[in-house]
Each structure stands twice: as structure tokens, then as C-alpha cells.
Amino acid sequence: MRMRTLTLTVALLALVLAGCAGRTITRVDPENTPIDLSGNWNDVDSQQMAQEMVGQITNAVWVENHVTVTGKKPVLIVGTIRNKTVEHIPMKTLTADLEAAFINSGRVLVVASPEEREQVRQERGEQQDYASVETVKAWGREMGADYMLLGELNSIFDQGDVYLVNLENNVKVWVGQTKIKKAIGKGKFRG
């Protein structure tokens with residue numbers, strides 16, 4: 001019995017080692033090579049959703065209407081996008097991707113989040129005591145947002161529903177959605 005157990009243990013160890021020996025690691029271009037191992041939400045999904053949403057938002061008529069009335073680019077803040085899915089989705093990553101896409105579009109300005117403003121205000125306060133008179137930044141010069149982006153991610157339709165609200169009068173100036181679909185196949189054992 002002992003010999004059989006030892007033989008079985010050695011055979012099992014050999015299978016495990018053989019499986020590990022075939023493993024390779026290949027470095028890929030992180031910007032141009034999407035890799036999805038699980039089918040779960042990932043960085044590519046976040047960037048894709050942000051790009052599509054921002055494209056829809058910044059190419060809609062409300063931007064030109066705002067510029068016509070004010071003579072300036074609209075100023076946005078990305079508010080809360082709620083995760084209504086069963087999946088863990090890092091919402092700060094999606095928010096950062098949305099902000100980056102808005103800024104890179106060149107069509108709107110983006111103001112800092114409440115958490116970021118708190119840090120900036122703390123720095124500005126310290127400058128009042130420690131920075132030279134020539135370089136100290138003044139209080140009361142912050143730019144207020146004209147619009148806030150709000151919304152949610154839903155798994156029922158695999159989509160993100162978002163809307164843009166005018167902060168002065170609560171009018172929704174844009175409403176839209178972006179869908180993400182994935183085809184997930186079963187892997188095959190490779191010998």
C-alpha cells in the first residue's frame with residue numbers, strides 16, 4: 001500500500017511539474033494588445049466605455065449650444081457613476097478614464113473631483129504661509145463646473161447609462177448609453 005501511495009504521489013507530482021514546465025510569459029504592448037482572461041470587467045472595458053461615451057457626449061449639439069450662449073467651452077465634473085452590476089468594477093478607474101477622454105477631446109474643460117479639490121485647497125492654504133509672494137496662488141479663483149456627468153452601469157443590458165445635468169438649472173442636456181458585449185469561449189487543454 002505504501003509503495004502504491006508513493007508511486008501515485010510521484011506520478012501526480014510529475015503531472016503537476018509537466019503542466020508548469022509548459023508555461024510561458026510573453027510581454028505585450030499594453031496600449032494596443034487587449035487581453036481578457038476571465039471575461040470580467042477590465043481596463044479595456046473601462047477605456048472602451050469611456051471613449052464611446054465621451055465621443056457621444058462631446059459630439060452632441062449641447063456643446064455648440066453652450067459655446068454659442070457663453071462664448072466658452074463647457075466645464076464638466078464627472079460625478080457618481082453607480083455600479084448596478086453583480087461584478088466588482090473599480091469605479092475610480094472608470095471615472096479617471098472618463099476624465100482623460102474628456103480632457104483629450106479638447107471640446108470641454110474638466111474640474112477636479114471633491115477629493116482632489118480638498119488636496120488642492122490644502123496646498124493653496126499652505127502656500128499662503130510658506131510660498132513667496134510672487135508665486136502664491138490666490139483663494140477664490142477656482143472654476144465652477146457648468147455640467148455634471150452622472151449615471152450607472154447595468155448588467156441586465158451590459159450597458160452604461162449616463163446623463164449630463166446643467167448645474168445651474170438641473171436640466172438634463174444629454175442622455176445616452178454605451179453597451180459592451182463579450183464572447184467568451186472555453187479553452188482547450190494544450191499538451
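The values are calculated or read from the model by the stated rules, or taken from the named source; none is laboratory data. Bear in mind the structure is a predicted one, so any value in this text is a computation, not a measurement. Cβ placement follows ideal geometry from the backbone for every residue including glycine, while neighbour counts extend to all protein chains displayed.
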Review point. What's the number of the condition E87 fails, among (1) modelled with pLDDT of 95 or more; (2) outside any helix (DSSP H, G or I); (3) more than 27 Å from N169 (Cα to Cα); (4) among the charged types (D, E, K, R)?
Key: (1)
Review point. What are the residues in the stretch 62-84 that are at pLDDT 95 or above, among the basic types (K, R) and more than 20 Å from R117 (Cβ to Cβ), if any?
Key: K72
**Study point:** Conditions (1) buried (at least 16 other Cβ atoms within 10 Å of the Cβ); (2) in a helix (DSSP H, G or I); (3) in contact with a strand residue (DSSP E or B) (Cβ under 6 Å, 6 or more places away or on another chain): number failed by Q56
**Key:** (1)
Review point. How about the stretch 127-143: which of its residues are surrounded by fewer than 11 Cβ atoms within 10 Å (Cβ to Cβ) and either in a helix (DSSP H, G or I) or among the small types (G, A, S) (or both)?
Key: D129, Y130, S132, A138, G140
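Working only within the stretch 90-106, note down all residues that are surrounded by fewer than 20 Cβ atoms within 10 Å (Cβ to Cβ) and within 10 Å of the chain's Cα centre (by Cα).
P90, M91, K92, T93, T95, A96, A100
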Practice item. For T80, state whether it is among the hydroxyl-bearing types (S, T, Y), surrounded by 14 or more Cβ atoms within 10 Å (Cβ to Cβ) and under 20 Å from E168 (Cα atoms). Key: no
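How about the stretch 90-126: which of its residues are of a type outside the set (A, V, I, L, M), assigned to a loop (DSSP other than H, G, I, E, B) and touching a strand residue (DSSP E or B) at 6+ places or on another chain (Cβ under 8 Å)? Write out each step before concluding.
First pass over the stretch 90-126, keeping only residues of a type outside the set (A, V, I, L, M): 90, 92-93, 95, 97, 99, 102, 104-107, 113-119, 121-126.
Retained after the next criterion (residues that are assigned to a loop (DSSP other than H, G, I, E, B)): 90, 106-107, 113.
Correct list: S113 only.
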Exercise for review: Within the stretch 91-127, track down each residue that is over 16 Å from Q56 (Cα atoms), touching a Phe, Trp or Tyr at 6+ places or on another chain (Cβ under 8 Å) and not charged (D, E, K, R).
Suggested key: V110
